[in-house]
Each structure stands twice: as structure tokens, then as C-alpha cells.
């Protein structure tokens, strides 16, 4: 089970909030997991149910309809979601995208969209990746050309979480194609704008219920008021929000790893081979002991990073390190736990199969493990 007692970042109020999350998931999420996996998208009614219970964007200030809480409450939703075995796009909405509006959006933008994001009436996506640009955001081709009081957007994006459900999209675009990183801006695009189109819901190895789409922008016109922050400062905004995004991925990885371990323990103590349970074999005991130790270290590290982030001290290097370690650990964990299931682990009827599939992309999105190593290495140099 998820460890919840005596964890540094959490107190009594957090435990009450966690109980609310668990009750709602038991009622609205767990009975629909398989249905949404086959549909390739989570029903909007679930978003509205989460909004009604305060699970969406709890860090939004009260004047914009939120609870005004710190990030630790969003972390609880993330933990419980991954432990439940779901990859619904709530963390992208709550942990990643909303803070761009909170930190850099105009007052008009905040009053218009934040209350709807809190209730689940408006689902958000953030469109960074393109067919020819992934980790290297400076290589994007999507443009936003100023034309009087409007921006005109042209380009395409791919692998966009919440792409099918999104009502609004934060688009990373070039407002000055000659200025490199200083020519990148963030622009909010409403999904009902002429020229905006969704492509297919992409067929992925895992995370099937997390709708992931291609998005197309052909002469999409938006008012200049849809600019998030200042023109040309989008790259800096993206970099400043990366520690939280990468912590978000790491939290999901740790919770997913815990669920995989718990599934393996349950299986090996029930499954019999050669007249005894699989748990009786020394190899099984040693494997579980190693995995349990890694989980213990992982939870201590997650709580350290989460507390540091709440205090505003988690920097880009630490954020990269936490994502690197936990996503690599998660992959090791789910693979070892599937192995302990034997042939049953390869059957989709067992939760471990879904946990294994869903974990693979964790080492890719939010910055690949290889990029995380590059970032961490920068902090090691004597003049860093």
C-alpha cells in the first residue's frame, strides 16, 4: 500500500484530503478503468466529478475559484491515481499546465479559465512536441505571427496529452523565427477557433486511457490577449516550470512502482509451484527484499524533493535527478514484478501487465533519461 503515515510533507489535513480522493476514485474511477482503456479516453463526467470534490488544481488561488493550497495536495492526487492503475490526464492538467496560467497569465485570462479548470468544465493541454522537435524545444517550427491585434498560428504538434478532451491548449510557438530561444512564446488557443483541428487519438503501447493526439493549426487567429506572459519569454517560462513537471512524473513513477510491488507480493504468496508458494523460494525472497529496499529509498527521496519544492528550493538539476532516478527505478520494478508473475504477467487480465506497459514512456516524456543525465551533469562542473 502507499505509505501515508509520518511522511514529512503531509499532515492531518492531507490525510483527510487523501480519503476524499480515495473515495471518489473507488466510486468513479475503478469501475470504469477497463472501459476507458478500451475507449482510449476518460469520460468528461470523471473530470467533473473530480472538480466537484476539489481534486483538480487545488493550488489555484481562492480568488479564481480554487482552494489556494500548496502543491502537496496535487501530489496526493497524482500518487493515488497511479496507484489505482490509471493514467488519466489529471496530472498534466493540474501539475503541469495550470501553473503557467497562475504564474504568467493575465488577470482576464485567470478569471476566465482558472475557475473552469478547477471544476473540470475546461480541460487543458500543453502543446510542445512536434513531429521534428522533442526534447530540443528550440527546434520547433510552429509559428505565431503578429497581425494587428491578433496572432496567426500555423504548425502541428504531436503526442499531446489531453489532446482529444482539451478545451484550451497552451501552444509553444515561434513569434520570432530568427531569435532562437528568445523567439519562443506561449499562446493560449481555444479549441473552437477556426483552423484548429485534432488529429487521431494516437495508438500507444500503454497509457491507453490517456488520450494523446496530433493537433493542427492552420491560420488560427487568436487575440493578442491570449499571449501568456511576455512575447519571447516562453522558453524561460518552460524552464522555470520544469522542476515541478519532472517531480510530477517522479511521483507517479514511485506510486506506480509501489503498486507493481504490491501486486507481485500478493501473487507470489498465492501462486504455488513444486508443492510450495513462489514466495517460499529464496530467489523470490531476495528479489522482493531488493525491491522493498528500493521503494523505501524512493519514498524518502520523493518526500525530500516534494518538501523542497514546496519551500521553493527544488532547482532544475534536482528536478532532473528526481525524474531520472524514479522513472528508471519504476521500470526496473515493474519488469522484475512482471517476471515474478511468470506467464501470468504477460496476460492483460493481470494488473501488472498494464502497470508494465504504462511505465515505459515515463523515461521518455518530460525529458528523456538521457537528457536528464545531461542536465544533472551540468551541476557537477566546478563552475556550476
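The values are calculated or read from the model by the stated rules, or taken from the named source; none is laboratory data. Remember, it's a predicted structure, so these values are computed and weren't measured experimentally. Neighbour counts are summed over all protein chains in view; Cβ atoms, including those assigned to glycine, are modelled from backbone coordinates with ideal geometry.
Summary table
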| read-out | value |
| --- | --- |
| Count of the range 188-237 residues which are assigned to a loop (DSSP other than H, G, I, E, B) and more than 22 Å from the chain's Cα centre (by Cα) | 9 |
| The range 1-33, subset modelled with pLDDT under 95 and closer than 24 Å to residue 351 by Cβ, residue surrounded by the fewest Cβ atoms within 10 Å (Cβ to Cβ) | 1 |
| Answer from 169, 152 - the residue that is crowded, with 22+ Cβ neighbours inside 10 Å, not in a loop (DSSP other than H, G, I, E, B) and not assigned by TED's automatic domain parsing to the domain that holds residue 60 | 169 |
| From the options 76, 102, residue that is under 18 Å from the mean Cα position of the chain (by Cα), surrounded by fewer than 19 Cβ atoms within 10 Å (Cβ to Cβ) and modelled with pLDDT of 95 or more | 102 |
| Criterion: over 21 Å from the mean Cα position of the chain (by Cα) and under 24 Å from residue 266 (Cβ atoms) - qualifying residue of 7, 18 | 7 |
| Cβ pairs under 9 Å, 6+ apart, first in the range 138-151 and closer than 12 Å to residue 217 by Cβ, second at pLDDT 95 or above and in a helix (DSSP H, G or I) | 151/224; 151/226 |
| Index of the failed condition, residue 264 passing every other in (1) assigned by TED's automatic domain parsing to the domain that holds residue 358; (2) buried (at least 21 other Cβ atoms within 10 Å of the Cβ); (3) under 18 Å from the mean Cα position of the chain (by Cα); (4) more than 30 Å from residue 176 (Cβ to Cβ) | (3) |
| The lone exception for residue 107 - which of (1) touching a helix residue (DSSP H, G or I) at 6+ places or on another chain (Cβ under 7 Å); (2) modelled with pLDDT of 95 or more it fails | (1) |
| From 8, 24, 2, 30, residue being in a helix (DSSP H, G or I) and in contact with a helix residue (DSSP H, G or I) (Cβ under 9 Å, 6 or more places away or on another chain) | 24 |
| Subset of the range 270-286 (residues that are surrounded by fewer than 14 Cβ atoms within 10 Å (Cβ to Cβ) and assigned to a helix (DSSP H, G or I)) | 270, 282, 283, 285, 286 |
| Any hit, the range 319-328, residues being more than 14 Å from residue 248 (Cα to Cα), exposed (fewer than 15 other Cβ atoms within 10 Å of the Cβ) and at pLDDT 95 or above | no |
| Selection from the range 347-373 of residues that are in contact with a helix residue (DSSP H, G or I) (Cβ under 7 Å, 6 or more places away or on another chain), over 20 Å from residue 83 (Cα atoms) and in a helix (DSSP H, G or I) | 369, 372, 373 |
| Candidate set from the range 277-295 (those that are over 32 Å from the mean Cα position of the chain (by Cα) and either in contact (Cβ under 8 Å) with a residue 40 or more places away in the chain or not assigned by TED's automatic domain parsing to the domain that holds residue 340 (or both)); member that is nearest to residue 329 (Cα to Cα) | 284 |
| From 179, 144, residue being in the same structural domain as residue 221 (by TED's automatic domain parsing) and either in contact with a helix residue (DSSP H, G or I) (Cβ under 6 Å, 6 or more places away or on another chain) or at pLDDT 95 or above (or both) | 144 |
| Test result for residue 68, more than 18 Å from the chain's Cα centre (by Cα) and surrounded by fewer than 20 Cβ atoms within 10 Å (Cβ to Cβ) | yes |
| Breaking point among (1) more than 27 Å from residue 336 (Cα to Cα); (2) part of a helix (DSSP H, G or I), for residue 250 | (1) |
